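This structure is in structure tokens; I'll ask about it shortly.
The values are calculated or read from the model by the stated rules, or taken from the named source; none is laboratory data. As the structure is a prediction and not an experimental result, all values here were calculated from the model. Note that each Cβ is placed from the backbone with ideal geometry, even for glycine, and that neighbours are counted across all protein chains shown. Ligands, DNA and RNA are excluded from the accessible area calculation, which covers all protein heavy atoms including side chains. Shrake-Rupley method; radii C 1.70, N 1.55, O 1.52, S 1.80 Å.
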Amino acid sequence: MTKRVSSAAALVEREVPISLSDERASAMVAEVREGLSRRQKELPPKYFYDERGSELFEKITRLPEYYLTRAERELLEENARSLVDALRPRTLVELGAGSAAKTRILLNAMRDAGCGEVYVPMDVSEDFLAETARQLRAEYPSLRVIPAVADISTSLGLPERLPRPVLFAFLGSTIGNFDAPAARALLARVRQVMRPFDRLLLGADMRKKRKIVEAAYNDTRGVTAAFNRNMLRVLNRELGADFDVPSFSHRAFYSPERHRIEMHLVSSREQVVHIPHVGEVYLERGETIRTEISCKYDRPSVRRLLRASRLRLERWIADENVFALAVASPRL
Ligand code: SAH
Ligand code: AVI
């Protein structure tokens with residue numbers, strides 16, 4: 001019979017012979033152990049994105065309910081030219097680039113203006129990033145594409161001696177997947193590598209009616225549910241965990257007080273999950289693991305976030321209260 005352990009003491013060290021040779025695996029063990037030891041169990045959203053997770057995210061961007069990508073694309077289409085003309089960036093560095101689908105709007109504007117030389121897509125999703133880089137090299141033969149596998153929650157790992165000015169792009173409202181202190185720290189890291197004429201282009205999802213936001217994270221086709229559950233498949237494969245994936249269901253809800261969506265995986269039964277080098281994780285029936293937050297903003301909250309990271313809001317491009325692009329310059 002399974003021994004019941006309280007939530008706080010749910011993790012018991014186990015000696016399991018899996019080889020944790022690479023840095024990613026040991027960092028993952030530490031993060032997973034820490035997150036699952038909390039009263040509200042948590043896992044970092046970056047673990048959604050293996051190749052399958054990245055493909056599921058691409059599918060999400062095409063869902064009728066998921067307004068974010070369409071709204072940001074429209075803003076980019078309308079404003080890429082003026083953004084590029086104002087800065088004339090020689091390098092584009094993109095955080096969490098994914099498939100770089102919308103980035104092509106900026107790259108095209110840079111090509112038309114005759115100023116784009118280097119593109120640095122950064123992502124944790126290594127194979128997907130390599131494929132993005134391969135495609136972009138074929139589409140833009142005169143552009144130097146330097147993919148950088150990096151966990152932007154810890155460091156940027158920027159290549160040295162990039163042609164300046166650099167436009168740093170952080171699109172898709174991925175900033176919303178970091179809580180306030182982590183978002184400030186991340187943007188401060190960007191600020192640290194910025195020179196006076198560099199700029200940051202930040203995509204942020206705006207606060208809006210609960211119904212609209214909740215629909216975007218609870219699509220009728222179940223793609224977001226599959227994306228959410230994919231994290232457990234990643235942990236099973238990479239850490240040798242034994243999450244019984246079908247026994248977890250998807251839940252996403254908007255918290256109007258905290259202005260954020262929370263995504264959880266709900267255990268449909270009492271169970272113990274074994275994670276080598278982490279321990280045994282006890283879950284009650286109905287207990288949840290929070291896998292993502294997705295913060296929603298307004299202009300003052302974006303300005304505050306930038307200011308706290310020593311950045312100045314220079315231009316605000318918004319589609320009513322749907323989505324916004326903020327252009328930020330470094331504060332001295
Ligand atoms: N920028 C794209 C993709 C957004 S999806 C768009 O706007 O559509 C979020 C992307 O960020 C994914 O490609 C994911 O792999 C990457 N990502 C998530 N967490 C990350 C982290 N900690 N470090 C680096 N990349 C991360
Ligand atoms: C990448 N990120 C901004 C997406 C979001 O909307 O928070 C990830 C996502 N989660 C569920 N659907 C999409």
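First check a/c for segment 177-260, with a ≥ b ≥ c the square roots of the eigenvalues of its C-alpha gyration tensor; if it is under 1.5, answer rounded, and if not, answer prolate when a/b is larger than b/c or oblate otherwise. Walk me through the intermediate numbers first.
Details: a/c = 2.75, a/b = 1.44, b/c = 1.91.
Oblate, since a/c reaches 1.5 and b/c is not below a/b.
While we're here: Could you order ASP205, ASP123, ASP112, ASP22 by accessible surface area, starting with the largest, using a probe radius of 1.4 Å? Mind showing how you got there, number by number?
Numbers: ASP205 0, ASP123 20, ASP112 130, ASP22 85 Å².
Most to least solvent-accessible, the answer reads ASP112, ASP22, ASP123, ASP205.
Here is a follow-up. Extension gain ALA101-ASN236, at 0.36 nm per residue separation less the Cα-Cα distance, in nm?
Details: separation 135, 0.36 × 135 = 48.60 nm, distance 2.96 nm.
Full extension from ALA101 to ASN236 adds 45.6 nm.
Right, next: Checking the cross-link filter: which aspartates and glutamates have an alpha carbon closer than 12 Å to that of LYS59, excluding same-chain neighbours under 8 positions apart?
Answer for LYS59, where 12 Å is the Cα cut-off: ASP219, listed by chain and number.
Still on this structure: Normalising by the residue count of segment 216-325, find the relative contact order in percent from Cα pairs under 8 Å and 6+ residues apart.
On the way: 150 pairs, mean separation 19.9, N = 110.
Relative contact order for segment 216-325 comes out at 18 percent.
Residue separation times 0.36 nm, minus the C-alpha to C-alpha distance between ARG88 and ARG258: what's the value? Could the numbers behind the result be given before it?
Details: separation 170, 0.36 × 170 = 61.20 nm, distance 3.76 nm.
Fully extending the segment from ARG88 to ARG258 adds 57.4 nm.
Continuing with the same structure: Quick one, could you list the DSSP H helices from the chain stretching 15 Å or more along their long axis (Cα atoms) with average Kyte-Doolittle hydropathy of -1.0 or above? Intermediate values should be presented prior to the final figure.
Working: long enough: 23-37 (21 Å, -0.13); 51-61 (16 Å, -0.88); 67-87 (28 Å, -0.41); 126-139 (20 Å, -0.81); 180-193 (20 Å, 0.46); 223-239 (24 Å, -0.01).
Within the chain the helices that satisfy the rule are 23-37, 51-61, 67-87, 126-139, 180-193, 223-239.
Leaving out ligands and nucleic acids, and using a 1.4 Å probe, what accessible area per residue does segment 159-198 come to in Å²? Please list the in-between numbers first.
Details: 1780 Å² over 40 residues.
That works out to 44 Å² for each residue.
Which value results when the Cα radius of gyration for segment 92-212 is divided by 2.2 N^0.38 Å? Please list the in-between numbers first.
Working: Rg = 14.6 Å, N = 121, 2.2 N^0.38 = 13.6 Å.
Normalised by 2.2 N^0.38 Å, the Cα Rg of segment 92-212 equals 1.07.
Another one. Compute the FRET efficiency between GLU139 and GLU74 as 1/(1 + (r/R0)^6), taking r as their Cβ-Cβ distance and R0 = 25 Å, and round to the nearest 0.05.
Working: r = 22 Å, r/R0 = 0.86.
According to the calculation, E is roughly 0.70.
For LYS41, give me every one of the lysines with a C-alpha distance below 23 angstrom, ignoring sequence neighbours fewer than eight places off in its own chain.
Output for LYS41: LYS3, LYS296.
Rolling a 1.4 angstrom probe over the protein chains, ignoring ligands and nucleic acids, what is the accessible area of HIS264 in square angstrom, nearest 10?
Its accessible surface works out to 10 Å², give or take rounding.
Separation between the GLU284 and LEU332 pseudo-spin-labels, each 7 Å from Cα along Cα→Cβ, expressed in nm?
My value for the distance between the label points is 5.7 nm.
Let me ask something else. Which value, in Å², gives the accessible area per residue of segment 45-96 when a 1.4 Å probe is used on the protein heavy atoms? Working shown, then result.
Values: 2300 Å² over 52 residues.
Accessible area per residue: 44 Å².
What shape does segment 196-332 take by its C-alpha gyration tensor, where a ≥ b ≥ c are the square roots of the eigenvalues and a/c under 1.5 counts as rounded, a/b above b/c as prolate, and the rest as oblate? Before the final figure, lay out the partial values.
Values: a/c = 2.93, a/b = 1.91, b/c = 1.53.
Prolate.
Give the aspartates and glutamates reachable from LYS102 as a straight Cα distance under 13 Å; neighbours fewer than 8 places away on the same chain don't count.
Those aspartates and glutamates meeting the cut-off are GLU58, GLU72, GLU74, GLU77, GLU78, GLU94.
Now for a different question. Take every Cα pair under 8 Å in segment 109-166 that's 6+ residues apart, average their separations, divide by the length, and report that relative contact order as a whole percent. Display every interim value, and only then the final one.
Working: 57 pairs, mean separation 21.8, N = 58.
This gives 38 percent for segment 109-166.
Return the distance in nm (one decimal) between the two label points of a simple spin-label model at ARG62 and ARG307, each offset 7 Å from Cα along Cα→Cβ.
The modelled label-to-label distance comes out at 4.3 nm.
When the accessible area of segment 255-332 is split by element with a 1.4 Å probe, what percent falls to carbon and sulfur? Each step should come with its number before you reach the end.
On the way: 1470 of 3390 Å².
Reported share for carbon and sulfur atoms: 43 percent.
Note down the Stokes-Einstein diffusion coefficient of segment 63-126 in µm²/s, whole number, using a Kirkwood radius over alpha carbon pairs, 4 °C, and 1.567 mPa s. Numbers along the way, then the final one.
Working: Rh = 12.5 Å.
Rounded, D is 103 µm²/s.
Here's something else I'd like to know. Around LEU283, what is the net charge, scoring Lys/Arg as +1 and Asp/Glu as -1 over all other residues with Cβ under 9 Å from its Cβ? Display every interim value, and only then the final one.
Details: positive: LYS41, ARG269, ARG285; negative: GLU270, GLU284, GLU287.
Around LEU283, the surrounding residues sum to 0.
What is the gain in length, in nm to one decimal, between GLN192 and GLN40 on full extension, counting 0.36 nm per residue of separation less the C-alpha to C-alpha distance?
Details: separation 152, 0.36 × 152 = 54.72 nm, distance 3.31 nm.
Full-extension gain reported as 51.4 nm.
Let me ask you something else. Rounded to the nearest 0.05, what FRET efficiency is calculated for LYS211 and ALA25 with R0 set to 45 Å and r the Cβ-Cβ distance?
Working: r = 41 Å, r/R0 = 0.91.
Plugging the Cβ-Cβ distance into 1/(1 + (r/R0)^6) gives 0.65.
What are the ³J(HN,Hα) values, in whole Hz, obtained from phi via the Karplus relation 6.51 cos²θ - 1.76 cosθ + 1.60 with θ = phi - 60°, for each residue of segment 262-276 in sequence order, with x given for Gly and Pro?
10, 10, 10, 10, 9, 6, 7, 8, 5, 7, 10, 9, 9, 10, x
With the Cα gyration tensor of the chain giving a ≥ b ≥ c as the square roots of its eigenvalues, does the rule (a/c under 1.5 for rounded; else a/b larger than b/c for prolate; else oblate) give rounded, prolate or oblate?
Numbers: a/c = 1.97, a/b = 1.63, b/c = 1.20.
In terms of gyration-tensor shape, prolate.
Further question on the same structure: Starting from the residue with the highest accessible area, list GLU160, GLU292, GLU139, GLU42 in decreasing order, probe 1.4 Å.
On the way: GLU160 150, GLU292 15, GLU139 80, GLU42 50 Å².
So, going from the largest accessible area down, we get GLU160, GLU139, GLU42, GLU292.
Mean separation of Cα pairs under 8 Å and 6+ residues apart, divided by the residue count of the chain: what relative contact order is that in percent?
On the way: 648 pairs, mean separation 75.3, N = 332.
Reported relative contact order: 23 percent.
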